[in-house]
Amino acid sequence: MKKNACYICAVALTIFVIFLSACSQSTSASVPQDGVILAFGDSLTYGTGASPGASYPELLEILVRRKVFNSGVPGETSAEGRDRLQGVLDTVRPDLVLLCHGGNDLLRKMDTIKTVENIMAMIRMIRDSGSQIVLIGIPRPGLLPSTADFYKDIARNMKVPFEGTIMAEILSQGNLKSDYIHPNDRGYARIAEAMARFLKKYKVVTD
């Protein structure tokens with residue numbers, strides 16, 4: 001118990017220290033009609049388990065009527081995503097980035113502090129590029145998946161718009177999954193619908 005408490009304190013301290021050097025304001029501007037949205041992540045972004053054309057970024061593009069670039073790499077860890085991100089930002093030059101990363105770190109039980117550092121570094125990188133950002137939380141694996149707590153902490157401390165429920169909701173329902181950790185076509189459709197509602201609710205996308 002004492003060891004767990006110390007570990008939680010270490011994670012919290014890591015978030016706080018990075019927060020002091022990276023704090024900025026949350027998303028406020030709307031993505032224009034000719035703007036580009038970058039969906040950046042791992043297999044959940046790529047669309048593993050979906051039929052061709054049924055990944056959440058492809059469906060989201062139809063719903064929000066903006067170009068959505070799918071940059072998901074199956075099996076990628078947050079450290080690998082951190083290394084890859086700048087090149088994608090330079091190429092795509094998005095107005096908005098939907099960051100959905102860290103799931104493989106959770107599956108492999110990797111160091112949570114390192115995962116937090118990597119995600120926060122990606123947020124800083126996105127902001128430095130001039131893009132807006134929305135963070136999407138991923139659940140810890142289990143019989144009743146729930147979003148890992150550190151996503152909410154990151155979002156709060158870095159003032160990042162945060163969607164923290166849809167992935168856990170989908171991955172807790174067997175009829176919405178293609179396997180243990182990936183949605184099926186119906187599941188990805190639900191994710192796209194939820195993200196479209198989120199973007200419109202917070203006026204990141206307006207008709």
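A few points about this structure:
- Filtered residues of the stretch 129-175 (kept if assigned to a helix (DSSP H, G or I) and among the aromatic types (Phe, Trp, Tyr)): 150, 151
- Helices (runs of 4 or more DSSP H) completely within the stretch 42-118 that count 1 or more residues being polar (S, T, N, Q) and at pLDDT 95 or above: 43-46, 78-92, 103-107
- Look at (1) at pLDDT below 95; (2) within 14 Å of the chain's Cα centre (by Cα); (3) not aromatic (Phe, Trp, Tyr) and you find that residue 145 fails only one, number (2).
- Note on the stretch 177-207: among residues that are of a type in the set (Ser, Thr, Tyr) and modelled with pLDDT under 95, the one that is farthest from residue 67 (Cα to Cα) is 180.
- Of the residues making up the stretch 176-188, at least one is outside any helix (DSSP H, G or I), basic (Lys, Arg) and either out of contact with any Lys or Arg (no Cβ under 7 Å at 6 or more places or on another chain) or surrounded by fewer than 21 Cβ atoms within 10 Å (Cβ to Cβ) (or both).
- Criterion violated by residue 154 - all others in (1) crowded, with 20+ Cβ neighbours inside 10 Å; (2) within 20 Å of residue 48 (Cα to Cα); (3) in contact (Cβ under 8 Å) with a residue 40 or more places away in the chain satisfied: (2)
- Complete set of residues in the stretch 163-175 that are more than 21 Å from residue 51 (Cβ to Cβ) and either crowded, with 20+ Cβ neighbours inside 10 Å or of a type in the set (Val, Ile, Thr) (or both): 163, 165
- Inside the stretch 62-82, residues that are free of Cβ contacts under 8 Å to residues at least 24 places away in the same chain and buried (at least 18 other Cβ atoms within 10 Å of the Cβ) make up a count of 0.
- Hits in the stretch 53-74 (condition: among the aliphatic types (A, V, I, L, M) and touching a helix residue (DSSP H, G or I) at 6+ places or on another chain (Cβ under 6 Å)): 54, 59, 60, 63, 64, 68
The values are calculated or read from the model by the stated rules, or taken from the named source; none is laboratory data. Quantities reported herein were computed from a predicted structural model and do not represent experimental measurements. When we count neighbours, we look across all protein chains shown, and the Cβ atoms used for this are built from the backbone with ideal geometry, even at glycine.
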